[in-house]
Structure formats: C-alpha cells, structure tokens
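The block underneath contains the structure these notes are about, expressed in structure tokens.
The values are calculated or read from the model by the stated rules, or taken from the named source; none is laboratory data. Owing to the predicted nature of the structure, the values given are computational and were not obtained by experimental measurement. So basically every Cβ, Gly included, is an ideal-geometry build from the backbone, and we count neighbours across all protein chains shown.
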C-alpha cells in the first residue's frame with residue numbers, strides 16, 4: 001500500500017509522518033487493470049506450475065498481516081512487502097522469496113562505512129540492499145530502486161531495476 005510522507009504519525013515510530021494514500025492508489029491501479037493485493041494471496045499458474053504471490057500491507061502502520069500465508073502452502077511462494085523491516089518481527093517461514101525496497105539502498109553510501117542515513121532503527125543496515133538468507137531459510141531481496149526520499153541525491157548507490165528469473 002502507498003502511504004506516502006506527511007499526515008498522521010506512524011504507529012511504530014512517531015517521528016515519521018505517514019499519509020494514507022492507500023485507497024486512492026488502489027483505485028487508480030485497479031482502474032488500469034492491476035490486481036492489487038492487500039494482505040492477500042493469489043494463486044498463479046505459469047505453464048504447468050503453481051506459484052503463490054502474497055502482497056503485504058504497510059509495516060509501519062501495523063497493517064501488515066500474514067494470516068493469508070497459511071501452513072498448507074506447498075508451492076513456490078513469493079511475498080511483496082515494501083518495507084523489509086518486517087524481518088525484525090515474526091514472519092512466515094513458508095515464503096521462498098520476499099521482495100522489498102523502501103530503503104533506497106541507503107541512498108548515500110560511503111565506501112567501507114555503508115549507508116550514511118538510517119531509514120529506521122528496526123532494520124540493520126546490512127539489509128538495506130541485496131539478497132539475504134533469513135533465519136527461516138527464506139530469501140529476502142531488497143532492491144535499491146530508482147528513486148530517493150528526503151534529500152534528492154544518491155551517492156555510490158546507483159539506481160537499480162531488478163529482473164528476477166524463477167526456475
């Protein structure tokens with residue numbers, strides 16, 4: 001979901017403003033024919049294979065709910081969750097690959113030091129970008145994305161669009 005900057009205070013960290021643009025964003029995308037998942041699981045058939053796709057809501061507003069990811073899932077499962085900070089709490093182990101962004105890769109990264117600013121206090125900076133194996137065995141891919149937040153600058157952190165081939 002798209003909550004933006006500004007508006008109400010975040011439930012998890014009151015120093016962040018969280019505007020609720022979720023309904024408007026959902027309406028626009030659905031009018032364009034996009035299937036918009038909000039804490040929902042969608043079964044997709046690719047050739048003769050079943051893949052499950054989970055779209056999670058926002059972590060900072062405490063609207064992320066994994067209950068659709070029941071234990072009986074026995075096919076490849078991908079979860080799209082904007083903010084990778086969900087790994088600081090409990091999360092399902094039956095997801096093969098979590099896809100996240102949000103951190104912009106740290107936006108400004110210095111050699112040896114890494115990201116200069118912090119997105120939040122919950123997420124270790126090692127998870128600001130890249131592919132990671134989580135304690136559950138699930139994989140987490142955090143992309144640096146193509147944008148910025150706050151200061152409109154990127155340094156030693158080129159924009160990226162990730163293309164993923166699932167075999």
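For residues in the range 54-65 being touching a strand residue (DSSP E or B) at 6+ places or on another chain (Cβ under 8 Å) and in a loop (DSSP other than H, G, I, E, B), which is modelled with the highest pLDDT? Break it down into steps so the answer makes sense when it comes.
Filtering the range 54-65 down to residues touching a strand residue (DSSP E or B) at 6+ places or on another chain (Cβ under 8 Å) leaves 54-56, 58, 60-61.
The next check asks that each one be in a loop (DSSP other than H, G, I, E, B); those that pass are 56, 58, 60-61.
Working: 56: 95, 58: 86, 60: 80, 61: 80.
Out of the qualifying residues, it is 56.
One residue is enough: does the range 39-52 have a residue meeting the conditions surrounded by 12 or more Cβ atoms within 10 Å (Cβ to Cβ), assigned to a loop (DSSP other than H, G, I, E, B) and modelled with pLDDT under 90?
Here is the first cut: in the range 39-52, the ones surrounded by 12 or more Cβ atoms within 10 Å (Cβ to Cβ) are 39-42, 44, 50-52.
Narrowing the set further to residues that are assigned to a loop (DSSP other than H, G, I, E, B) leaves 39.
So of that shortlist, the ones also modelled with pLDDT under 90 come out as none.
No, there is no match, as no residue in the range 39-52 is surrounded by 12 or more Cβ atoms within 10 Å (Cβ to Cβ), assigned to a loop (DSSP other than H, G, I, E, B) and modelled with pLDDT under 90.
Working carefully through the options 150, 105, 137, find the one that is under 21 Å from residue 77 (Cα atoms) and either loosely packed, with under 12 Cβ neighbours inside 10 Å or modelled with pLDDT under 90 (or both). If you could, list the steps in order and put the result at the bottom.
Details: 150 fails: under 21 Å from residue 77 (Cα atoms); 105 fails: under 21 Å from residue 77 (Cα atoms).
One residue alone meets the criteria, 137.
Considering each residue of the range 127-149, count those that are in contact with a helix residue (DSSP H, G or I) (Cβ under 7 Å, 6 or more places away or on another chain) and not in a helix (DSSP H, G or I), and give that number. Lay out the reasoning, then the answer.
Kept after step one, since they are in contact with a helix residue (DSSP H, G or I) (Cβ under 7 Å, 6 or more places away or on another chain), are these residues of the range 127-149: 127-129, 134, 140, 142, 144-145, 147-149.
Next cut, not in a helix (DSSP H, G or I) only: 129, 134, 140, 142, 144-145, 147-149.
Qualifying residue count, the range 127-149: 9.
Being at positive phi and either touching a strand residue (DSSP E or B) at 6+ places or on another chain (Cβ under 7 Å) or free of Cβ contacts under 8 Å to residues at least 40 places away in the same chain (or both) narrows it down to one of 106, 137, so name that one.
Numbers: 137 fails: either touching a strand residue (DSSP E or B) at 6+ places or on another chain (Cβ under 7 Å) or free of Cβ contacts under 8 Å to residues at least 40 places away in the same chain (or both).
106 is the lone residue from the list that is at positive phi and either touching a strand residue (DSSP E or B) at 6+ places or on another chain (Cβ under 7 Å) or free of Cβ contacts under 8 Å to residues at least 40 places away in the same chain (or both).
For the structure I just gave you, tell me whether residue 98 is touching a residue at least 12 places away in the same chain (Cβ under 8 Å), crowded, with 20+ Cβ neighbours inside 10 Å and under 27 Å from residue 49 (Cα atoms).
Against the criterion (touching a residue at least 12 places away in the same chain (Cβ under 8 Å), crowded, with 20+ Cβ neighbours inside 10 Å and under 27 Å from residue 49 (Cα atoms)), residue 98 qualifies.
Of the residues that sit in the range 73-93 and are surrounded by 18 or more Cβ atoms within 10 Å (Cβ to Cβ), out of contact with any helix residue (DSSP H, G or I) (no Cβ under 9 Å at 6 or more places or on another chain) and outside any strand (DSSP E or B), which one is modelled with the lowest pLDDT?
73
Could you check, for the range 107-126, whether at least one of its residues is within 13 Å of the chain's Cα centre (by Cα), closer than 17 Å to residue 158 by Cα and in a loop (DSSP other than H, G, I, E, B)?
no
Within the set of pairs 6+ apart or on separate chains, which have a first residue in the range 62-75 that is in contact (Cβ under 8 Å) with a residue 24 or more places away in the chain and on the phi > 0 side of the Ramachandran plot, a second that is surrounded by fewer than 18 Cβ atoms within 10 Å (Cβ to Cβ) and assigned to a loop (DSSP other than H, G, I, E, B), and C-beta atoms under 7 Å apart?
Partner pairs satisfying both residue conditions: 62/11.
Quick test for you: out of 32, 69, pick the one residue that is more than 14 Å from the chain's Cα centre (by Cα) and loosely packed, with under 11 Cβ neighbours inside 10 Å.
Details: 69 fails: loosely packed, with under 11 Cβ neighbours inside 10 Å.
Matching residue, one of 32, 69: 32.
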